[in-house]
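Read-outs throughout are calculated quantities, based only on the coordinates presented, and are distinct from any laboratory measurement. The model shown is predicted, which means the values in this text are computed figures rather than measured ones. Because the Cβ atoms are built from the backbone with ideal geometry, glycine has one as well, and the counts that use them run over all protein chains shown.
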Amino acid sequence: MIKFDQKNSIFYLTTKNTSYIMGVLNDTVLTHLHWGGKIAHIDSIETVITDAKRGMCAASKRLDLGYCEDVIPLEYSPYGTTDLREPSLVLRYADKSAVGDFRYAGYEIVEGKPALCGLPSTYCEAGDSVSTLIIKLEDKLNGINLYLSYSVFDEYDAITRSVRLENVSDAPVEIDRIFSANIDMRCLDFEIITLEGAWCRDRFVHKNSLLNGNVSISSMRGVSGHNRNPFFALADKNTTETQGEAYGVSFVYSGNFEGGVQKDAFNSNRVYIGINSTDFSEVLNAGESFTAPEVVLAYSDEGLSGMSRIYHKLYRERLCRGIFRDKERDVLINNWEGTYFNFDDEKIVNIAKVAKEMNLDLLVLDDGWFGVRDHDRCSLGDWVVNLNKLKGGLDGLAKSINDLGLRFGLWFEPEMISEDSDLFRAHPDWRMPSGKVTPSPSRWQYILDLSRKEVQDYVIESVCAVLASANIEYVKWDFNRNMAEIPYGGTYKYIVGLYRVMEEITSRNPNVLFESCASGGGRFDPGMLHYMPQVWTSDCSDALERLSIQYGTSMCYPYSTMGAHISAVPNHQTRRTTPFGFRADVAMVGQFGFELDTTKMTEEELQLSRDAVAKYKKLREIFHTGDLYRLKSPFEGNTVALEFLSQDKNKCVVCYYVERCHCNDACELIKLHGLDANGVYRVEDTDKVYGGDFLMKYGLDFDPNMDYKSEIVVLIKE
Ligand code: GLA
């Protein structure tokens with residue numbers, strides 16, 4: 001998996017289908033040679049770096065005069081050299097200089113993958129074929145060591161990167177920027193695929209050509225954000241969902257990030273991602289070290305779906321943790337859209353009674369159960385049950401729900417504080433920022449300063465106390481505003497504090513399933529998935545919108561991580577009315593549930609719900625662990641098709657959805673992928689059979705002549 005060709009100074013990192021290759025030029029500069037399809041051997045670094053000198057470029061003092069660092073592909077590029085492209089690292093030394101001189105200083109290969117201290121990351125388990133290369137770069141001038149780590153997940157086909165900086169001088173150094181990856185990829189005519197949107201319009205797929213100059217994505221919201229996800233893919237213009245080369249870059253971090261591609265005049269693409277440097281500043285004292293968050297790289301020559309499948313398996317199995325990682329999860333009823341703040345225990349128990357008749361497993365009580373919170377202007381921070389609403393307390397309610405045969409779950413928004421709360425009255429300085437700046441409210445609320453240990457401890461103890469007070473088996477952890485007016489450098493410190501809080505609470509409560517949420521998918525990122533294995537995908541529960549939202553999300557994240565509910569019609573966000581079957585078929589590919597007042601459902605709807613729950617329970621394994629092929633995109637047409645294929649290729653489920661029909665439209669042939677060409681597949685519960693080759697080369701016919709139509713076809717290999 002990791003090989004060093006000493007003679008030519010070339011490192012080879014190899015997974016099942018990928019090579020990542022670096023070379024050390026003149027024993028000094030670490031260059032990037034290749035990331036993509038497998039290459040067993042490169043004769044010499046000069047075979048790749050042929051275009052090494054240009055007019056107006058300084059010849060590097062660290063190399064011989066044949067090379068200009070500004071035009072050769074580098075693996076990491078600290079500021080202060082003759083490479084004048086986007087720097088990966090900006091340090092300011094005690095003498096105010098920012099010029100460093102990092103030189104290659106050796107490597108180490110370790111079995112497995114060391115944990116990243118205090119940060120979320122992918123991991124390996126005993127028996128996994130994973131090893132890690134750590135390359136050391138040394139700046140003797142300033143007494144700084146830089147360690148670039150590469151973990152090679154052979155079977156998972158992924159490579160992760162991270163960076164550690166160590167101050168071995170006797171003076172402090174200021175870190176102004178520390179990206180987690182830099183890859184200079186040469187001469188490819190790429191498109192960049194990003195996931196963009198806004199609240200309720202989370203993670204729509206955008207494709208753009210690269211321009212000369214920078215194409216970048218970022219967040220300055222203190223969260224990874226609804227607007228741009230910390231993920232992008234690069235793909236050749238001819239790459240489709242099922243063929244061609246695709247390169248994925250995913251950042252395991254939940255705060256401000258920046259990433260992108262800088263294309264130069266010689267068609268070199270500098271790919272980078274890391275913590276957003278606009279408001280980042282950390283002081284590294286003598287003897288200290290700093291670790292930047294992880295980046296996960298996935299390359300596939302089987303198109304964008306091929307790239308997504310790499311992320312899906314890795315994130316499902318080696319990013320998510322805990323006992324729920326591999327468990328089929330409960331089908332739930334959440335009361336938010338059913339009642340909003342207007343409920344009491346009687347109403348909730350009545351909703352649960354009907355939920356039981358619908359064969360649901362879990363009731364989640366959403367916002368409004370604590371303090372005096374009958375509206376969104378108060379009580380955040382006061383995690384004490386409102387006995388006017390819930391007369392038997394949480395324990396009493398949990399018991400009533402459990403007696404009905406359902407589990408009980410609860411909503412929290414632990415990182416927030418309302419001005420009208422006992423917590424604020426006791427600790428006004430816990431609000432962020434404190435001091436002379438009065439922060440601006442958003443949804444009437446403010447953020448607790450989780451960079452402070454005593455505030456972290458309050459959140460840990462208050463949430464754990466509620467969890468210990470009743471049989472609570474599920475937590476929805478919300479975060480309903482962006483950060484603003486934060487002191488310089490504060491958002492990074494906050495996120496590190498948040499990770500401590502989440503690690504502590506989730507490990508103290510291993511039998512509780514945690515779902516993260518930030519007004520829907522405002523923190524749908526790999527960092528959060530490390531602590532909480534599912535996310536409320538979007539505050540928009542309209543099925544038609546959800547088709548696009550879930551499709552976009554699946555670029556990087558598996559359907560097993562997406563909370564998806566059937567809600568009432570007309571839909572509360574769009575006022576659109578869609579049929580029950582369509583709402584069910586859209587929601588059931590994710591972590592399925594209902595979000596409405598069950599007591600208002602008709603007999604017919606209750607029967608349809610029971611049927612949907614039964615269908616979901618039969619199919620959820622393949623939706624959540626099967627290989628995904630996206631066959632028709634909502635961003636490119638009027639119909640959507642998804643194929644889920646079991647790992648053994650014996651079961652295949654095709655989900656077909658029509659948004660709006662065009663009158664008298666032609667039937668649509670959808671070609672399947674990945675089947676056993678010689679196998680015979682039967683449409684479940686019918687006598688229709690097809691050859692695997694027929695399904696892949698000719699296709700399955702679907703009729704798009706109805707608005708909001710959905711069909712789920714189950715094919716079983718005979
Ligand atoms: C956020 C969540 C919703 C709901 C409300 C409650 O918007 O995304 O699902 O929990 O908060 O205030």
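I'd like to know how the chain sits against the 2.2 N^0.38 Å rule of thumb: what's its Cα Rg over that expected value?
0.99
Count neighbours as other Cβ atoms within 10 Å of each site's Cβ, and list the GluC sites (Glu not before Pro) in the range 1-106 that are DSSP loop with at most 10 such neighbours.
When the GluC sites (Glu not before Pro) of the range 1-106 are filtered for loop state and at most 10 Cβ neighbours within 10 Å, nothing remains.
May I ask for the angle, rounded to the nearest 10°, between helix 303-318 and the longest principal axis of the chain, with both axes built from Cα atoms and the value confined to 0 to 90°?
80 degrees
What whole number of Å gives the distance from the Cα centroid of the range 170-217 to the Cα centroid of the range 675-718?
For the range 675-718 versus the range 170-217, the Cα centre distance is 39 Å.
Mind checking the full-extension length gain between ILE716 and GLU454? Use 0.36 nm per residue of separation minus the Cα-Cα distance, one decimal, nm.
Once the chain is fully extended between ILE716 and GLU454, it gains 88.7 nm.
Reachable lysines from LYS61, Cα under 16 Å, same-chain residues fewer than 8 places away excluded?
LYS53, LYS140
Identify all lysines with a Cα-Cα distance to LYS7 below 20 Å; exclude those on the same chain that are fewer than 8 residues away in sequence.
LYS136
At 7 Å along Cα-to-Cβ for each site, give me the label-to-label distance between GLN647 and CYS667 in nm.
According to this spin-label approximation, the distance is 3.6 nm.
Grab every C-alpha pair in the range 125-273, bin the distances at 5 angstrom width from 0 up to the longest one, and report whole percents.
2, 8, 14, 17, 17, 17, 13, 7, 3, 1, 0
On full extension of the chain, what length is gained from ASN638 through GLU605, given 0.36 nm per residue of separation minus the C-alpha to C-alpha distance?
9.2 nm
Once the other residues with Cβ under 15 Å from the Cβ of ASP184 are scored (Lys, Arg +1; Asp, Glu -1), what is the net sum?
-1
Any idea which of GLY409, ALA484, ILE505 is furthest toward the positive side of the dipole for the chain, if Lys and Arg beta-carbons carry +1 and Asp and Glu beta-carbons -1?
Comparing the listed Cα positions along the dipole, ALA484 ranks first.
Based on Cα coordinates alone, diagonalise the gyration tensor for the range 68-175, multiply each eigenvalue by 5, take square roots, and list the semi-axes in whole Å, largest first.
Semi-axes (√(5λ), whole Å): 29, 17, 12.
Tell me which trypsin sites (Lys or Arg not before Pro) from the range 158-263 have a DSSP coil assignment and no more than 12 other beta carbons within 10 Å of their own.
In loop regions of the range 158-263 (DSSP not H, G, I, E or B), the sparsely surrounded trypsin sites (Lys or Arg not before Pro) are LYS237.
Given the pairs LYS615/LYS717; LYS356/LYS688; LYS389/LYS615, which span a C-alpha to C-alpha distance of over 25 angstrom in this model?
Check vs 25 Å cut-off fails for LYS356/LYS688; LYS389/LYS615.
Cβ under 10 Å from THR561's Cβ, THR561 left aside: what net charge do those residues give with Lys, Arg +1 and Asp, Glu -1?
Overall, the nearby charge balance is 0.
Can you give the local net charge around VAL654? Use residues other than it whose beta-carbon is closer than 9 angstrom to its beta-carbon, Lys and Arg +1, Asp and Glu -1.
In short, -2.
Are there trypsin sites (Lys or Arg not before Pro) in the range 416-454 that DSSP marks as loop and that have at most 16 other Cβ atoms within 10 Å, and which are they?
Loop-located and lightly packed - LYS436, ARG443.
Around ASN335, which amide H atoms from residues at least 5 apart in sequence, or from another chain, sit under 5 Å from its own amide H, with H modelled in the peptide plane?
VAL364, ASP366
Can you tell me the 0 to 90 degree angle between the C-alpha axis of helix 543-553 and the longest principal axis of the chain, rounded to 10?
Tilt relative to the chain: about 30 degrees.
Can you list the HN-Hα couplings for the range 203-214, worked out from phi with the Karplus curve (6.51, -1.76, 1.60; θ = phi - 60°), rounded to whole Hz and with x for Gly and Pro?
6, 6, 7, 10, 10, 9, 6, 6, 10, 5, x, 9
What are the extents of the Cα atoms of the range 566-718 along their three principal axes, listed from largest to smallest and rounded to whole Å?
50, 34, 27
Find the centroid of the Cα atoms in the range 87-129 and in the range 398-477, then give the distance between the two in whole Å.
Comparing the Cα centres of the range 87-129 and the range 398-477, I get a distance of 35 Å.
If the limit is 24 Å between Cα atoms, which of LYS237/LYS632; LYS618/LYS697; LYS327/LYS618; LYS671/LYS709 go over it?
Result: LYS618/LYS697 exceed 24 Å.
If I fit a long axis through the Cα atoms of helix 490-508 and take the longest principal axis of the Cα atoms of the chain, what angle between them do I get, 0 to 90°, rounded to 10?
The answer is roughly 50 degrees.
Would you work out if the range 1-61 is rounded, prolate or oblate? Take a ≥ b ≥ c from the square roots of the eigenvalues of the alpha-carbon gyration tensor; rounded if a/c is under 1.5, else prolate when a/b is larger than b/c, oblate otherwise.
Prolate shape, in that a/c is at least 1.5 and a/b is the bigger ratio.
For LYS3 and MET706, FRET efficiency with R0 = 51 Å and r from the beta-carbon atoms, rounded to 0.05?
That pair, MET706 with LYS3, gives E of 0.35.
Pop a pseudo-label 7 angstrom from the Cα along the beta-carbon direction at both PHE266 and MET56 and give the gap in nm to one decimal.
1.3 nm
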